[in-house]
1. Of the numbered conditions (1) within 21 Å of B:Ile161 (Cβ to Cβ); (2) surrounded by fewer than 17 Cβ atoms within 10 Å (Cβ to Cβ), B:Asp210 satisfies every one except a single condition; which is it?
2. Tell me yes or no: at least one residue of segment A:51-72 is polar (S, T, N, Q) and either farther than 15 Å from A:Ala120 by Cα or assigned to a loop (DSSP other than H, G, I, E, B) (or both).
3. Any residue in segment A:174-198 that's more than 9 Å from chain B (Cβ to nearest Cβ) and outside any helix (DSSP H, G or I): show its pairings with residues that are of a type in the set (D, E, K, R) and surrounded by 15 or more Cβ atoms within 10 Å (Cβ to Cβ) at Cβ separation under 8 Å, as long as the two are six or more apart or on different chains.
4. So the check is Cβ under 9 Å with 6+ separation or different chains; which pairs have a first residue in segment A:215-231 that's closer than 14 Å to A:Thr177 by Cβ and within 9 Å of chain B (Cβ to nearest Cβ) and a second one that's of a type in the set (Gly, Ala, Ser) and assigned to a helix (DSSP H, G or I)?
5. Kindly establish whether B:Ile140 is over 19 Å from B:Met56 (Cα atoms), surrounded by fewer than 22 Cβ atoms within 10 Å (Cβ to Cβ) and within 13 Å of another protein chain (Cβ to nearest Cβ).
6. Would you confirm, using the coordinates I've provided, whether A:Leu269 is touching a Ser or Thr at 6+ places or on another chain (Cβ under 7 Å), part of a helix (DSSP H, G or I) and free of Cβ contacts under 8 Å to residues at least 40 places away in the same chain?
7. Which residues, taken from segment B:155-173, are away from chain A (no Cβ under 11 Å) and surrounded by fewer than 23 Cβ atoms within 10 Å (Cβ to Cβ)?
8. Quick one: B:Val220 ticks every box in (1) surrounded by 20 or more Cβ atoms within 10 Å (Cβ to Cβ); (2) in a helix (DSSP H, G or I) except a single one, so which number is it?
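The values are calculated or read from the model by the stated rules, or taken from the named source; none is laboratory data. Remember, predicted model here, so these are calculated numbers, not experimental data. Every residue, glycine as well, gets a Cβ built from its backbone with ideal geometry; the counts of neighbours run over all protein chains shown.
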Amino acid sequence: MALDITLGQYYGTGSVIHKLDPRAKLLFVLFFIVSIFVAKDIYAFGLLAIVVILSLIVSKVPIRLVLKGLKPLVFIIIFTSVLNIFLSRGEELLFTKEIIPGFWTVNLYKEGLINAGLLAMRIIILLMGTSVYFSYATTPIELTDGLERGLGFLKKIKVPVHEFAMMMTIALRFIPTLVDETSKIMNAQKARGADFSSGGLIKRAKALIPIIIPLFVSSFRRAEELATAMECRCYHGGNGRTRMNVLKMKFRDYVFIILSMAMLAGVILVNIYANGFKLM
Amino acid sequence: MSKMSVIDVKNVNFIYGKKTPYEVHALQNISLSIKENCVTGIIGHTGSGKSTLIQMFNGITKPDSGSIFVDGVDIWEKPKEISKIRFKVGMVMQYPEYQLFADTVWDDIAYGPKNMGIPEDEIKERVETAAAFCGIDSEIMTKSPFDLSGGQKRRVALAGIMAMRPSVLVLDEPAAGLDPRGRREILGGICKYQKESGTAVVIVSHSMEDMAKYCDELFVLAKGKLILQGNCKEVFSEGELLRSAGLDVPEIYGVVRAMRHKGVDISKYIYTVNGAVDAIAELLEGGVR
């Protein structure tokens, strides 16, 4: 079983992008996602691709690493593209063939090909862009901090922002611990002759009981220990709590936010005025 | 008479995180053999590779190169039958109390034998014998394992492996986190089991005192290399080498060494308190001082 998931793929290079305020990065990603779904024209996608490439260069994250992160999604990308090639209808018919006479005919339209290509571009750009900003250049802790501060205004309408952020931080912190624990327990049960890889569905599900129960037991134990430890240090929620590192927006963060707005505006303008291949 | 070996490790290498910046050569060309009918100790500092090494004995971890022979058979020759090796080489992991899961203590001990496909009446006999060996009272057999104390849980986990009647019993830090009495009970129980059943037992630890007391054969690992091997006398007389591997020699060894330093004619092969008492008494009676 593949348990060595690469988690927290933070790749520290100390670049400008790494140093940006996480709130600025959150805003950027928001604008970026909107842009990518607004984009219709191939030139608009081109603009976004340039943004991603520039981000890669500035962040100094090796492209090899980012491409490796795309690997598990290659299947989905190919799958959606193939579906689009054959299922879109358009005007310019390139190829047609009756596979099962009178029942199933495959029609290949030019628009289908364009759609497939642009959709693949959309997914790739989206994944690369967000992963550079969210996983390679920002630690999960920075991200939750940014969310907590960025959504702080919701506290006014009684949304427990701090509590949610704390829950997220704790959850992220314990993922590697749990992965580790799972593999330990699996090994221990394997040593007692447990077999997780043969038999039918029910037999396999049953074989997981000796793993899940100890895992639950130890998770509850950990949770209780952590709660005690937090209480011992007088944690009582977000009110009046001060931080060691207070996030502060700097000049470069404002510049960055303006640039991301410009990106969205650029995409909208290109959509209207450019005349390349368009997504249906 | 030299004893037959039950596990042979030949030129084993293992690397963690291959081809990443975090690559660690955890085991470097290790060759050793575990003898039948005795207690073998594997000592090493944290990160010396001792846990990695013993996880190879039952095929939980596969070596990158080299081979493991159990009863003379290469265990990776038929990868599909690796689970049979796990019945031959019983492994008690670190903190085994965290692997308990069943409704009752009885069911938990019976889990291993059930997986082996042993008939019901024999399972009953095995469970009861193993429980008796580990000092588990019959009244707690119907309790939930989660209601027991830490020491009791560990004994239940140990009984769960013993009930499989492996020909080699491997224990990773069986006494970790127990108080001195718990340590004595569990290690003493294991040694008693070894003597009565005649199986080979391998204990991994970094406690030199325990090892000196219970083991017949010792292997010392440091940074993935086998640096010393032999019986207790041979190993503990290499105090300097052990210290350089980050291990503490038994405290009494320090006393003996200091005495030798002062010119007292005492054997350097002394590593237990009782041994030292005898030697010193002999010296005093002889009127050397």
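1. Only one criterion in (1) within 21 Å of B:Ile161 (Cβ to Cβ); (2) surrounded by fewer than 17 Cβ atoms within 10 Å (Cβ to Cβ) is unmet by B:Asp210, namely (2).
2. yes
3. A:Phe196/A:Lys190
4. none
5. no
6. Values: touching a Ser or Thr at 6+ places or on another chain (Cβ under 7 Å): no; part of a helix (DSSP H, G or I): yes; free of Cβ contacts under 8 Å to residues at least 40 places away in the same chain: yes.
It is false that A:Leu269 is touching a Ser or Thr at 6+ places or on another chain (Cβ under 7 Å), part of a helix (DSSP H, G or I) and free of Cβ contacts under 8 Å to residues at least 40 places away in the same chain.
7. B:Arg165, B:Ser167, B:Val168, B:Glu173, listed by residue number.
8. (2)
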